[in-house]
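Reading through the structure tokens given below for one structure.
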Amino acid sequence: MNLPDDPTLRFLPGLEISFSETEFLRQQVAEIEAYVERFPWDERELRALAWIEANASQYRQQWQIRTATSRHHRQTTPQG
């Protein structure tokens, strides 16, 4: 996933953006699992699908922003 879904991230000066689809999916699955564990076992699949329907697009954009700003901060902060 090389281009962000959030168009504002495309215009940050000096920021090379390359997102790992695998890392994104791992984190999203962990988020969904954490959400559904509060429900009875027989409701979890339905609750997971409802979470995906309600949150998936916004979650991806938020993840991209967090990842990009974290990388940008590491690139611009002196080490040592």
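The values are calculated or read from the model by the stated rules, or taken from the named source; none is laboratory data. Values in this document were obtained by computation on a predicted structure and should not be read as measured data. Cβ placement follows ideal geometry from the backbone for every residue including glycine, while neighbour counts extend to all protein chains displayed. Protein only, heavy atoms only, side chains kept; ligands, DNA and RNA dropped before computing areas. Shrake-Rupley method; radii C 1.70, N 1.55, O 1.52, S 1.80 Å.
Pairs, please: C-beta under 9 Å, at least 6 apart or cross-chain, first residue closer than 24 Å to Ala50 by Cβ and aliphatic (A, V, I, L, M) and in segment 9-35, second open to solvent by less than 80 Å² (accessible area, probe 1.4 Å) and at pLDDT 85 or above?
What qualifies is Ile32/Ala48; Ile32/Trp51; Ile32/Ile52; Ile32/Asn55.
Take Ala30 and tell me if it is modelled with pLDDT of 90 or more, assigned to a helix (DSSP H, G or I) and within 17 Å of the chain's Cα centre (by Cα). Quick ask: steps written out before the conclusion?
Numbers: modelled with pLDDT of 90 or more: yes; assigned to a helix (DSSP H, G or I): yes; within 17 Å of the chain's Cα centre (by Cα): yes.
Criteria met by Ala30.
Residue-by-condition table, conditions (1) among the basic types (Lys, Arg); (2) in contact with a Phe, Trp or Tyr (Cβ under 7 Å, 6 or more places away or on another chain); (3) surrounded by 12 or more Cβ atoms within 10 Å (Cβ to Cβ); (4) modelled with pLDDT under 90:
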residue: Thr8; (1), (2), (3), (4): no, no, no, yes
residue: Phe24; (1), (2), (3), (4): no, yes, yes, yes
residue: Tyr35; (1), (2), (3), (4): no, yes, yes, no
residue: Arg38; (1), (2), (3), (4): yes, no, no, no
residue: Ile52; (1), (2), (3), (4): no, no, yes, no
residue: Gln58; (1), (2), (3), (4): no, no, no, yes
